[in-house]
Amino acid sequence: MSFDGGQLGAARVLHQPRLDIKTLASLVGMSTTTISQFERGEQNMSRLNRDKIKNFFNNRGISFTETGVERDKLYSILKGRDGFVQMYEHIYAAAQEEGAQLCIHNGVSHLVMDTLGADYVAMHKERMNAIKDNFTFRVIVEQGDDAYMGNDYCEYRWFPKDLAIDKTKFIYGSKLAYVDFDDGIEIIVINNKKIAQSARTDFNVVWEQLAKEPHEWRQSNDTIGQ
């Protein structure tokens with residue numbers, strides 16, 4: 001949806017009163033003059049710059065609507081392929097922010113790619129590669145899963161099969177999402193910065209202490225076989 005300068009001002013007040021124009025401009029990579037003039041309605045803004053600002057606020061729980069600005073609910077449920085694609089659009093928005101930390105735990109590569117479809121996967125890989133210096137992306141998959149979707153911009157590690165579960169966890173921006181691929185697709189999204197950060201901390205403990213890079217796993221198995 002489109003938004004105007006008035007909605008931009010409302011979003012800044014609604015979400016974080018201390019977020020001044022200078023800070024916002026720095027975070028989205030724009031000039032303070034451009035944002036100030038747009039907010040006052042003195043000039044139009046390019047689609048690219050509008051998307052930068054919209055994605056910045058979307059990733060912080062603020063949505064622009066035709067009638068104004070709304071804060072996202074703490075919990076939401078997405079369903080089906082459309083819901084899954086919507087989640088990936090939010091993942092991309094989170095990835096655009098410099099220093100972003102993205103994580104997937106119990107990922108099942110073929111389910112993700114089959115659900116998104118070949119055309120969307122190709123498009124998503126291209127745009128993620130274009131901004132891969134902005135973020136770190138760690139993915140833990142079950143031991144033996146090597147059908148990687150994001151091998152150009154993600155780090156992958158394997159997790160023991162006996163500890164893996166059939167629910168996939170995504171951590172991106174201020175969101176923590178659980179995806180159930182059984183009986184259609186259902187996604188439970190928790191939109192809370194502290195909860196997302198706590199999930200990242202837990203993820204990184206597993207990443208460092210239990211998960212292994214595929215070549216390390218193969219080497220250890222070869223040693224055991226000898």
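A few remarks follow.
- Shape class for the stretch 100-218: rounded, because the ratio a/c of the largest to smallest gyration tensor axis (alpha-carbon atoms, square roots of eigenvalues) is under 1.5.
- Each Cα pair under 8 Å and six or more residues apart adds its separation to the average, and for the stretch 155-215 the resulting relative contact order is 37 percent.
- For H215 and K194, a Förster radius of 45 Å and the Cβ-Cβ distance give a FRET efficiency of 0.80, rounded to the nearest 0.05.
- Computed from backbone phi with θ = phi - 60° and the Karplus coefficients 6.51, -1.76 and 1.60, the 3J(HN,Hα) list for the stretch 176-187 is 10, 10, 10, 10, 10, 8, 6, 6, x, 10, 10, 10 Hz; x is used for glycine and proline.
- Near I185, the amide H atoms lying under 5 Å from its own belong to G80; only residues 5 or more places off or on other chains count, and H is placed 1.01 Å from N.
- Estimated at 0.36 nm per residue, the fully extended path between L48 and T33 surpasses their Cα-Cα distance by 3.8 nm.
- For the stretch 144-196, applying the loop criterion from DSSP together with a ceiling of 16 other beta carbons within 10 Å to the chymotrypsin sites (Phe, Trp or Tyr not before Pro) yields Y148.
- Derived scalar couplings ³J(HN,Hα) [the stretch 119-135; Karplus, 6.51 cos²θ - 1.76 cosθ + 1.60; whole Hz; x for Gly, Pro]: 5, 5, 4, 4, 5, 5, 4, 5, 6, 5, 4, 5, 10, 5, 6, 6, 9
- Between A118 and R81, full extension at 0.36 nm per residue minus the direct alpha carbon distance yields a gain of 12.0 nm.
- Between amide H atoms placed 1.01 Å from N, distances below 5 Å from G173 occur with Q101, all of them 5 or more places distant or on a separate chain.
- Derived scalar couplings ³J(HN,Hα) [the stretch 202-213; Karplus, 6.51 cos²θ - 1.76 cosθ + 1.60; whole Hz; x for Gly, Pro]: 4, 4, 5, 5, 5, 4, 7, 9, 10, 6, 10, 5
- Linear extension gain, D202 paired with L111, 0.36 nm per residue minus alpha-carbon span: 30.4 nm
- Flagged links, alpha-carbon separation over 28 Å, of K22/K194; K125/K212; K52/K161; K132/K212; K132/K161: K52/K161; K132/K161
Each reported figure results from applying straightforward, stated rules to the coordinates on display, with no laboratory input. Computed from a predicted structure; not experimentally measured. Note that we place each Cβ from the backbone using ideal geometry, even for glycine, and neighbour counts take in every protein chain shown.
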